[in-house]
Amino acid sequence: MPLTARQRSIHNKNGTKRSASFSKGKKTRKTSESEFLMTNAPSDLRSIAYPGGAVALVLLLVARITSAYWGHISDCDETYNYWEPLHYLVYGSGLQTWEYSPVFAIRSYMPLWLFAVPAKIFTFVTTSVTVFYTIRALLAILTACTDLMFYKAVCHEFGVHVGRVWLCLTLPSAGMFASSAAMLPSAWSSSLVTAALACWWRRRYPFAVLLTAATTLLSWPFTAILGLPIAIDMLIFKRHFVEFFKWSAVGLVLILAPTVLVDSWHYGRLVVAPWNIVAYNIFTEHGPDLYGVEPWTYYFVNGFLNFNIVWVLSLSCPLLLLACTAIAPRSTSRASFCAPYWLALMPLALWLAVFMLQPHKEERFLYPVYSMIVLTGAISLDCLQKMTFAVGTELFRWRKERERRHYLAYTAPLMVMCVLLAGIGGISRITALYNHYHGPMTILREIPSYENGIENVCFGKEWYRSPSSFHLSEGYRIRFVQSEFNGQLPAPYVETSNATRIIHPYFNGQNKGDNRTYLSPSQCHYLVDSDIGSPTTLQPAYHKDSNQWEIVSSVPILDSNKSHRIFRAFYIPSLSNKNVVYANLYLLRNKLLSH
């Protein structure tokens, strides 16, 4: 754990002379970083309690696997761009979006195959919905492992106290709950970037470069931005030119080459998917602005919802570091082997600067820096403790003991209060999300198994709530009926071996809907409807038409327009139920097509 200059001076006054007397006449050798961390720790700092690797891993696994089984799909892009193509690779049926059309080819099949292979194995022993949750659990386990790497690296680079605060803040975080088991490139990049930064801080440069290459080429190309500080450190500060370019080349060969081969086979032509997505988002006139354009305040509000006071502390980190340096300059000094704060925290600053300026804003876009948000929050809290101690030594009796005692001995209540407040806020948010939006994850469970032909399960105005084809047994297909939504919806893959190469005329890059992809309600064996909003010609109240439709089951779903803004965002016992309004999400069976 890196120590401040003040901590080292305390130890030197108390123990250096004594240890030196035992080493007279002996040949000395250069100490390693780990030896430096142990021998330069003051006695009271060595007794700080913090979770070891095994305990931390168990805590992280519990938190992340909880997310896998109780979290909902918060973004329909996750369903249609990843779970549905994965379902096609595993079962031979699913929904295809325009991004997977050979005309555009901006999504890669390569990362999906990394999940399709184990999923195919699971299909021999369990049902498709169990495969779904098993894959989510696998994602959660991988996230927990990279979080453990990050935790250890934070303890090494920023100190044990910052590390344990990071762990305490990340476990109940609503943001980490949402991202840790998501089937999204931004979520995969979150784990890969977390691991890359951990390897960088531990001076394991080859792995840092390879993991950066993996997140860039295999997951999300834009995360190359997050590797810039690693490149600066290796090329400018450490002068590791050969090592940097060698491992970059290795990453290209090991990752890009197989990705190009797999995608070119699927699309039937030469395809470099990472380049295609960059070209579409940057070099086209419309680019991403067709979807999710939000005001400049979006990330500020969303960040508070997912991280509450941690988000405020994170944004305040630069100012608090400057203030801490001014008030207690020795407390912010760094060990010689540590990167300066400005470089170590640059990934978060770069990412926020780039994405806050983009008109297209979505919650998932910040997933890759979620661990960094929690880290800067922990550093800010540490700065507040150090400044409190510095001021206290001037105003109170602390001054008499400041040479013998550590700043944590006096400021621990401040840390505990902030951690508890952040934890309560995170759990409150997670509970609200589960109560309000978990219903769609269970709505299809009442559909019976059926193997005599193909039956259609349709979505209309609730098209964005589909939990994916993994929640249906063999013989059922998800389809859409027309609604007030006039954008482009997915269409079914042709159920042939070359479906990924077939070009459909109704796919386009301008988000224009096409009636050729819809079914008539009379063709639907089952239909998902809700009583949210007022009925229209295109969105009639199907659940009230008892002549054609029978209600099989219903689950509660939040009616956000009728609910209080605060109480729909956070769960507050006894108050939330009085200030939010729930509607019903219905699973209907077509009486005219009943078998």
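Assorted remarks:
- With R₀ fixed at 35 Å, the C-beta to C-beta distance from THR134 to SER336 puts the FRET efficiency at about 0.15.
- Ordering ASN302, GLN548, LEU210 by Cα displacement along the dipole of the chain toward the positive end leaves LEU210 in first place; charges were set at the Cβ atoms of Lys, Arg (+1) and Asp, Glu (-1).
- Taken about its Cα centre, the chain carries a charge dipole of about 3520 debye when Lys and Arg each add +1 at the Cβ and Asp and Glu each add -1 at the Cβ.
- For PHE480, the amide hydrogen comes within under 5 Å of the amide hydrogens of PHE459, LEU519, counting only partners 5 or more places away or on other chains and with H modelled in the peptide plane.
- Considering only the chain, percent of DSSP beta bridges that pair antiparallel, nearest 5: 65
- Close amide H pairs (under 5 Å, H built 1.01 Å from N) link ILE557 with ALA583, ASN584, LEU585, residues at least 5 positions away or on another chain.
- Residue-wise HN-Hα couplings along segment 508-523, as the Karplus relation 6.51 cos²θ - 1.76 cosθ + 1.60 with θ = phi - 60° gives them from phi, are 8, x, 10, 6, 9, x, 9, 5, 5, 8, 9, 9, 6, x, 5, 8 Hz; Gly and Pro carry x.
- Under 5 Å, built H, 5+ apart or other chain: amide partners of VAL552: LEU587, LEU588, ARG589
- Charged side chains reduced to their Cβ positions (Lys and Arg at +1, Asp and Glu at -1) give segment 423-560 a dipole of some 460 debye around its Cα centre.
- Heavy-atom accessible area order for TYR464, TYR450, largest first, 1.4 Å probe: TYR464, TYR450
- Area accessible to solvent at PHE245, 1.4 Å probe radius, in Å²: 120
- From phi via Karplus (6.51, -1.76, 1.60), per-residue ³J(HN,Hα) for segment 566-572 in Hz, x at Gly/Pro: 6, 6, 7, 8, 10, 8, 10
- Mean separation of Cα contacts under 8 Å (6+ apart) over length of the chain, as relative contact order %: 18
- Per-residue ellipticity at 222 nm computed for the chain from its helices equals -14500 deg cm²/dmol, with DSSP H segments shorter than 4 residues left out and the rest contributing -39,500 (n - 2.57).
- For segment 485-535 versus segment 113-141, the inter-centroid distance based on Cα atoms is 26 Å.
- For the chain, the residue among LEU352, PRO51, MET149 whose Cα projects farthest onto the positive side of the dipole built from Cβ charges is PRO51.
- Area accessible to solvent at HIS543, 1.4 Å probe radius, in Å²: 30
- Per-residue 3J(HN,Hα) values for segment 65-73, derived from phi via the Karplus relation 6.51 cos²θ - 1.76 cosθ + 1.60 with θ = phi - 60°, read 5, 4, 4, 4, 9, 10, x, 10, 7 Hz in sequence order (x marks Gly and Pro).
- Using a probe of 1.4 Å, the accessible surface attributed to SER128 totals some 20 Å² when neighbouring protein chains are kept in position.
- Residue-normalised accessible area of the chain, expressed per residue, 1.4 Å probe, Å²: 45
- Within the chain, the longest run free of GluC sites (Glu not before Pro) that sit in a DSSP loop with at most 15 other Cβ atoms within 10 Å is 1-284.
- Label zone at THR126 (point 7 Å along Cα-to-Cβ), backbone N below 19 Å, segment 184-202: 184
- Using alpha-carbon coordinates, inclination of helix 185-201 to the longest axis of the chain, degrees: 10
- Between the Cα long axis of helix 110-122 and the first principal axis of the chain there is an angle of about 70°, rounded to the nearest 10.
- Once the chain from SER74 to VAL416 is taken as fully extended at 0.36 nm per residue, the excess over their C-alpha distance is 120.0 nm.
- Local net charge near TYR493, Cβ-Cβ under 15 Å (Lys/Arg +1, Asp/Glu -1): +1
- Inter-probe distance in nm under a simple model that places probes 7 Å from Cα toward Cβ, at SER497 and GLN548: 4.1
- Neighbour cut-off at most 12 other Cβ (10 Å), DSSP loop, chymotrypsin sites (Phe, Trp or Tyr not before Pro), segment 121-187: PHE124
- Estimated FRET transfer efficiency (THR536, ASN511; beta-carbon r; R0 25 Å; 0.05): 0.75
- At R0 = 51 Å, FRET efficiency that the Cβ-Cβ distance of THR431 and LYS591 yields, to 0.05: 0.85
- Debye, to nearest 20: dipole size of segment 302-440, +1 on Lys, Arg Cβ, -1 on Asp, Glu Cβ: 480
- Partnerless cysteines, meaning none of the other Cys C-beta atoms lie under 4.7 Å away, in the chain: CYS76, CYS145, CYS155, CYS168, CYS199, CYS317, CYS338, CYS418
- Accessible-area composition of the chain, carbon plus sulfur, in percent [1.4 Å probe]: 63
The values are calculated or read from the model by the stated rules, or taken from the named source; none is laboratory data. Predicted model only: the values in this text are computed from it and were never measured. FYI the Cβ positions are ideal-geometry reconstructions off the backbone, even for glycines, and counts take in every protein chain you see. Please note that ligands, DNA and RNA were not included when accessible areas were found on the heavy atoms of the full protein model with its side chains. Shrake-Rupley method; radii C 1.70, N 1.55, O 1.52, S 1.80 Å.
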